[in-house]
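Enquirer: Take this structure, written in structure tokens, and hold onto it; I'll ask about it next.
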Amino acid sequence: MGQKTNPIGNRLGYIHGWESNWYGGNDYKDKIVEDDQIRRYLNARLAKASIAKIIIERTLKLVTVTINTARPGVIIGKGGQEVDKLKEELEIDEERDSNQHLRSKTSRIRRSLGC
């Protein structure tokens, strides 16, 4: 039996990038748990939006969540109401420091990432 490795792990830095971009510092485990909670919540809340990837980037005062989807209209909603509602829900759900703000972006994918 050979040793099996995850193909994404082999391609990190060459073809694929990281799904979270930040430096942990002393509260590394709290940030990992928070990233996992954000991803689970978004996947459950936006199940019909055909989400391909969720990228989380953190700076000192800003958390940016980028959602790659095939159906951005489902996430944006009429006049951007759904995006604002989603942002408010994420800020309420996450017990984030008062000095960190949340910004969300939505980008459309043209083709499947699996091919």
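Bear in mind these aren't lab numbers, they're just calculated from the coordinates by the rules spelled out. If you're wondering where the values come from, they're calculated on a predicted model, not measured in any experiment. Here Cβ is always computed from backbone atoms with ideal geometry, including for glycine, and neighbour counts include all displayed protein chains.
Enquirer: Can you list residues from other chains, or at least 5 along the same chain, whose modelled amide H is less than 5 Å from the amide H of residue 53?
Expert: Amide H neighbours of residue 53: 68.
Enquirer: Another question, if that's okay. Quick one: what do you get for region 49-108 if you divide its Cα Rg by 2.2 N^0.38 Å?
Expert: On the way: Rg = 11.9 Å, N = 60, 2.2 N^0.38 = 10.4 Å.
Rounded to two decimals, the normalised Rg is 1.14.
Enquirer: Need the list of lysines near residue 61 for cross-linking: C-alpha distance under 18 angstrom, and skip anything on the same chain fewer than eight residues off.
Expert: Answer for residue 61, where 18 Å is the Cα cut-off: 31, 87, 105, listed by chain and number.
Enquirer: Calculated FRET efficiency, residue 78 and residue 16, Cβ-Cβ r, R0 30 Å, to nearest 0.05?
Expert: Working: r = 34 Å, r/R0 = 1.14.
That pair, residue 78 with residue 16, gives E of 0.30.
Enquirer: Over 17 Å apart: what share of the alpha carbon pairs of the chain falls there, rounded to a whole percent?
Expert: On the way: 3958 of 6555 pairs.
The answer is 60 percent, as a whole percent.
Enquirer: I'd like the Karplus ³J(HN,Hα) series for region 66-83: coefficients 6.51, -1.76, 1.60, θ = phi - 60°, whole numbers in Hz, and an x wherever there's a Gly or Pro.
Expert: Ordered by residue, 3J(HN,Hα) equals 10, 10, 8, 9, 8, 10, x, x, 5, 6, 6, x, 6, x, x, 5, 5, 5 Hz.
Enquirer: Relative contact order of the chain, please, whole-number percent, based on alpha carbon pairs below 8 angstrom and at least 6 residues apart.
Expert: 24
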